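The values are calculated or read from the model by the stated rules, or taken from the named source; none is laboratory data. Note that this is a predicted model, so its numbers are computed, not measured. Cβ coordinates were reconstructed from backbone atoms using ideal geometry, including for glycine residues, and neighbour counts include every protein chain displayed.
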Amino acid sequence: MKNISADIVVIGGGVNGASITYNLSKLGAGKVILLEKSFLASGATGRSGAMIREHYLHPTLAKMAKESKYIFNNFSEYIGGDSEFKQTGRILVFGEKDYDSVKLNVEMNRDLGIDISIISKKEVLELIPNINLDDIAISVWEPGCGYADPVATTYSFAKRAKDYGAEIFINTPAVDLIIENQRITGVKTDKGVIKTNTVINAAGAWGNLVGGFADELLPMNPLRVQMLYLRRPPSLDDLSIVVVDGLTNNYFREDNKKYTLIGGESIEDLQEIVDPNNFKLNIDHNKIIKFWNAIGKRIPDFKGAICKGGYSSLYDMTPDGNPILDKSDKVLGLYFAIGFSGHGFKLSPVVGKMMSEYVLNGYSNNHDINQFRLNRFKEDDMLEADYPYTDRGHP
Ligand SMILES: Cc1cc2nc3c(=O)[nH]c(=O)nc-3n(C[C@H](O)[C@H](O)[C@H](O)COP(=O)(O)OP(=O)(O)OC[C@H]3O[C@@H](n4cnc5c(N)ncnc54)[C@H](O)[C@@H]3O)c2cc1C
């Protein structure tokens, strides 16, 4: 790598870095380079649950999720390539404490044109006959939801970015930012320097290691989160619907036909701050038991499942659980798209558009990017739900 220059360098080849690179290239941003320290989707993206939903508790996020889902539904025409989106539908079940909030949030979503409704216990049982609803006060059905393949999605964005002229360097970490007179003038990689005036930090849970090159540390912590992997018993062979259990704050979805992935998003599940370069990749024994008990309580047949292990990965968690999409006040030409806090896969098609428009024009056309500004934390104006659900560590 000698005498390279670029109009824009994106650091981080996860789904968001790839989507931003694609959108910038498509909008004619000039020469765009994507740098990835190992390989594409090797961060949170590759281990994502990759569930796609529209139900959000804040209208800004619900509108973004709605547009993203439209793109996932029409991925090959809209982006090109395949995201392998599978529409399974999604059921959310809640206890008495969340009854009013659920009603208000569903009403807000429906006002935005989202296909979501409150359904009776009888209707839930028609969708999942073996589910235990004894402690459930209210249930929600989102028929259009499902999950995609996060690796296929990232590679599709990357391929289309290349079609529009982007260059992608894998196994090429950014090791420093070159700053002169408080302005970005280049990126140092382990293979040489790229001259540029614009850098987008899309390094996920590594975001503060990259930000640290410019002394620009953001309110974000890398959190270790865990996923359990079960082979369902034959009585549950047909269970493909995504389920969110608002009482245990566990969620689960089908994987590879007869397998189920189970994650946890209670406040207790989102506490383990780690070094993103040195964390345990396995699932802990106590989480296997906790998640297995939770799913076995909701669908008792899961007690007869086969445990196939599990894994850990990282959330890049901000104080309000929402990303930071902004530019630095300290260093001209430095932008951030980090802090996706465990829900950045589904938003990636729209985040790519929003960030590209912001970098090129200073605003985003269809969504209020200002709500994701860094200063919201200092201004005590966080992006929070009016009617949050109880004991949930996640928006
Ligand atoms: C277990 C789990 C389940 C999830 N489930 C869902 C879900 O169901 N739905 C949903 O919407 N979201 C989900 N998420 C969240 C979602 O996966 C992430 O928000 C999203 O993938 C983040 O993408 P990203 O591109 O911002 O970051 P990442 O995928 O982490 O990518 C950042 C990249 O930057 C690279 N990098 C870091 N430092 C450097 C450097 N110095 N130079 C070059 N490259 C660098 C890393 O190697 C990495 O590949 C889940 C996350 C996890 C962990």
Among the residues of region 50-71, is any assigned by TED's automatic domain parsing to the domain that holds N16 and of a type in the set (F, W, Y)? no
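Checking the condition over 14 Å from the mean Cα position of the chain (by Cα), of a type in the set (S, T, N, Q) and within 11 Å of the ligand (Cβ to nearest atom), which residue from S312, S348 passes?
Working: S348 fails: over 14 Å from the mean Cα position of the chain (by Cα).
Every option except S312 fails the conditions.
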Of all residues in region 255-269 being at pLDDT 95 or above and under 18 Å from the mean Cα position of the chain (by Cα), which is farthest from P319 (Cα to Cα)? D255
Among the residues of region 316-336, are any within 8 Å of the ligand (Cβ to nearest atom), of a type in the set (A, V, I, L, M) and either closer than 29 Å to P388 by Cα or part of a loop (DSSP other than H, G, I, E, B) (or both)? no
Within region 188-207, which residues are outside any helix (DSSP H, G or I), crowded, with 21+ Cβ neighbours inside 10 Å and not hydrophobic (A, V, I, L, M, F, W, C)? T189, T196, T198, N201
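Of all the helices (runs of 4 or more DSSP H) wholly in region 97-187, which have at least 3 residues that are under 22 Å from the mean Cα position of the chain (by Cα) and hydroxyl-bearing (S, T, Y)?
Of the helices (runs of 4 or more DSSP H) lying wholly inside region 97-187, those with at least 3 residues that are under 22 Å from the mean Cα position of the chain (by Cα) and hydroxyl-bearing (S, T, Y) span 150-163.
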Is there a residue in region 211-225 that is in the same structural domain as I11 (by TED's automatic domain parsing), of a type outside the set (G, A, S), free of Cβ contacts under 8 Å to residues at least 40 places away in the same chain and touching a strand residue (DSSP E or B) at 6+ places or on another chain (Cβ under 6 Å)? yes
Can you confirm whether D301 is among the acidic types (D, E), away from the ligand (no atom under 14 Å from the Cβ) and outside the structural domain of S101 (by TED's automatic domain parsing)? yes
Say whether the condition of being under 25 Å from V359 (Cα atoms), surrounded by 24 or more Cβ atoms within 10 Å (Cβ to Cβ) and more than 11 Å from the ligand (Cβ to nearest atom) is met by at least one residue in region 7-21. yes
Given the condition within 13 Å of the ligand (Cβ to nearest atom) and either crowded, with 22+ Cβ neighbours inside 10 Å or under 26 Å from K346 (Cα atoms) (or both), answer yes or no: does some residue in region 157-167 qualify? yes
What are the residues in region 67-88 that are surrounded by fewer than 20 Cβ atoms within 10 Å (Cβ to Cβ) and among the basic types (K, R), if any? K86
Here, strands (runs of 3 or more DSSP E) confined to region 208-293 with at least 3 residues that are within 12 Å of the ligand (Cβ to nearest atom) are 221-231, 250-255, 259-264
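Could you count how many residues in region 294-306 are surrounded by 14 or more Cβ atoms within 10 Å (Cβ to Cβ) and not in a helix (DSSP H, G or I)? Working first, answer last.
Here is the first cut: in region 294-306, the residues surrounded by 14 or more Cβ atoms within 10 Å (Cβ to Cβ) are 294-299, 301-302, 305.
Among the residues that remain, those that are also not in a helix (DSSP H, G or I) are: 299, 305.
Summing the residues that are surrounded by 14 or more Cβ atoms within 10 Å (Cβ to Cβ) and not in a helix (DSSP H, G or I) in region 294-306 gives 2.
Report whether or not T60 is surrounded by fewer than 21 Cβ atoms within 10 Å (Cβ to Cβ) and within 23 Å of I369 (Cα to Cα). Please lay out each step first, then the result.
On the way: surrounded by fewer than 21 Cβ atoms within 10 Å (Cβ to Cβ): yes; within 23 Å of I369 (Cα to Cα): yes.
Against the criterion (surrounded by fewer than 21 Cβ atoms within 10 Å (Cβ to Cβ) and within 23 Å of I369 (Cα to Cα)), T60 qualifies.
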Qualifying position, being out of contact with any strand residue (DSSP E or B) (no Cβ under 8 Å at 6 or more places or on another chain), surrounded by 22 or more Cβ atoms within 10 Å (Cβ to Cβ), touching a residue at least 12 places away in the same chain (Cβ under 8 Å) and closer than 25 Å to D380 by Cβ, among L347, L334: L347
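Those residues that are within 9 Å of the ligand (Cβ to nearest atom), under 24 Å from S101 (Cβ atoms) and part of a helix (DSSP H, G or I), I need them from region 47-67; list them, please.
Restricting attention to region 47-67, the residues satisfying the condition of being within 9 Å of the ligand (Cβ to nearest atom) are 47-53, 65.
From what's left, under 24 Å from S101 (Cβ atoms): 49, 51-53, 65.
Matches in region 47-67: A65 only.
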I'm told E36 meets every condition in (1) on the phi > 0 side of the Ramachandran plot; (2) buried (at least 16 other Cβ atoms within 10 Å of the Cβ); (3) not basic (K, R) except one. Can you identify the failing condition by its number? (1)
